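Structure, as structure tokens:
The values are calculated or read from the model by the stated rules, or taken from the named source; none is laboratory data. Because the structure is predicted, anything quoted here is derived from the model rather than measured. Here Cβ is always computed from backbone atoms with ideal geometry, including for glycine, and neighbour counts include all displayed protein chains.
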């Protein structure tokens, strides 16, 4: 058997994939890696998440009591290396900014934007992002390879944080599931602006509410719908108070978590999709919206221009006047929205979970020393 034919035992550390993009990444990537004949895949998740993860063609392991960020952070440092050595893993793949520092053949994924710490003002949250920055730095120093989900993430994390780690970093974008499509035939567009994201400070929803308020008042039938979990209760409460203070309680709808099939319908029927985030290393909703043919307005910041290319109208996310002007202009221009929709569909073809899995497998083999 040649090195290229050798079957490599890989432990996927899925302990931190609990919501948002982390779950999307795991759900789409793991089945594709598990189906490869050159990989013997093992997946470790918290016991309370075991029923929700793909488990075909792999060996599933669970960790009891893996809840709470700080508790989990310490437990995985011992539990994951112990399991990796017991199963003979040559690579430990942690799809988070960091993983257990002593696990064999470490591969991490640079996907959490550490710049969120610069957006936060609350001391407890700032401390969390400082610790995450430290953990990412240690992980980059000790891992064999790192995957950046965009060139922005590579420059911001792999380059800016630890210059000596640049040679370890490979850029592998996320893909998009076949479920996200324009429909045949595409349904008519509704009278609402859609935003999709877990609700947290860097997502910039307060600025969106302030920017869109005069736009909504000028269009009595128009709504803003926000789909996503409220990950930060304090921030969510402040956002609801802002909506009420602007007199928009009946014009801004918080949908909470939306199942993928229902999310497809929202992308297909929104008048406009808006992504106001300040900090993002990739943004799964962007490729989902593009694949459904939604006309898109997005921040000219972080990874958004890289992901979207010419398939969006961009605004300054720190200028509510600019954001509002771009939204208003697009809502008044049917031809421009139709053009953006066509550009979105074309751009979406550049993203594929099969391609993501193939590139990830190459990085895993590099980390195992197979090449």
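A few points about this structure:
- Beta carbons closer than 6 Å, at least 6 apart along the sequence or on distinct chains, pair a first residue in the stretch 221-233 that is assigned by TED's automatic domain parsing to the domain that holds residue 211 and at positive phi with a second that is surrounded by fewer than 18 Cβ atoms within 10 Å (Cβ to Cβ) and modelled with pLDDT under 95 for 228/198.
- Residue-level analysis places residue 173 outside the set of residues that are outside any helix (DSSP H, G or I), at pLDDT 95 or above and over 30 Å from residue 32 (Cβ atoms).
- When the stretch 179-220 is limited to residues that are part of a loop (DSSP other than H, G, I, E, B) and in contact with a strand residue (DSSP E or B) (Cβ under 9 Å, 6 or more places away or on another chain), the one that is farthest from residue 247 (Cα to Cα) turns out to be 189.
- Residues satisfying the stated conditions in the stretch 285-325, i.e. at positive phi and surrounded by 21 or more Cβ atoms within 10 Å (Cβ to Cβ): 293, 302
- Qualifying residue in the stretch 312-325 (condition: closer than 26 Å to residue 109 by Cβ and either under 18 Å from the mean Cα position of the chain (by Cα) or not assigned by TED's automatic domain parsing to the domain that holds residue 206 (or both)): no
- Annotation: residue 361 fulfils all but one of (1) under 22 Å from residue 26 (Cα atoms); (2) in the same structural domain as residue 216 (by TED's automatic domain parsing); the unmet one is (2).
- Criterion (assigned to a helix (DSSP H, G or I) and within 30 Å of residue 143 (Cβ to Cβ)) met by exactly one of 342, 357, 335: 357
- Positions within the stretch 258-283 being surrounded by fewer than 24 Cβ atoms within 10 Å (Cβ to Cβ) and in a helix (DSSP H, G or I), in sequence order: 260, 261, 262, 263, 264, 265, 266, 268, 269
- Of the residues making up the stretch 233-252, those that are farther than 17 Å from residue 200 by Cβ and surrounded by fewer than 15 Cβ atoms within 10 Å (Cβ to Cβ) number 5.
- Residues located in the stretch 198-212, provided they are surrounded by fewer than 23 Cβ atoms within 10 Å (Cβ to Cβ) and either within 16 Å of the chain's Cα centre (by Cα) or not assigned by TED's automatic domain parsing to the domain that holds residue 302 (or both): 198, 199, 200, 201, 202
Table: residues versus (1) under 22 Å from residue 72 (Cβ atoms); (2) out of contact with any strand residue (DSSP E or B) (no Cβ under 7 Å at 6 or more places or on another chain); (3) part of a helix (DSSP H, G or I); (4) modelled with pLDDT of 85 or more.
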| residue | (1), (2), (3), (4) |
| --- | --- |
| 96 | yes, no, no, no |
| 101 | yes, yes, no, yes |
| 114 | yes, yes, no, no |
| 117 | yes, yes, yes, no |
| 130 | yes, yes, yes, no |
| 139 | yes, no, yes, no |
| 147 | yes, no, no, yes |
| 158 | no, no, yes, no |
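- Residue in the stretch 62-92 that is surrounded by the most Cβ atoms within 10 Å (Cβ to Cβ), counting only those that are assigned to a strand (DSSP E or B) and at pLDDT 95 or above: 92
- Among the numbered conditions (1) within 28 Å of residue 150 (Cβ to Cβ); (2) in a loop (DSSP other than H, G, I, E, B); (3) over 16 Å from the mean Cα position of the chain (by Cα), the only one that residue 226 does not meet is (2).
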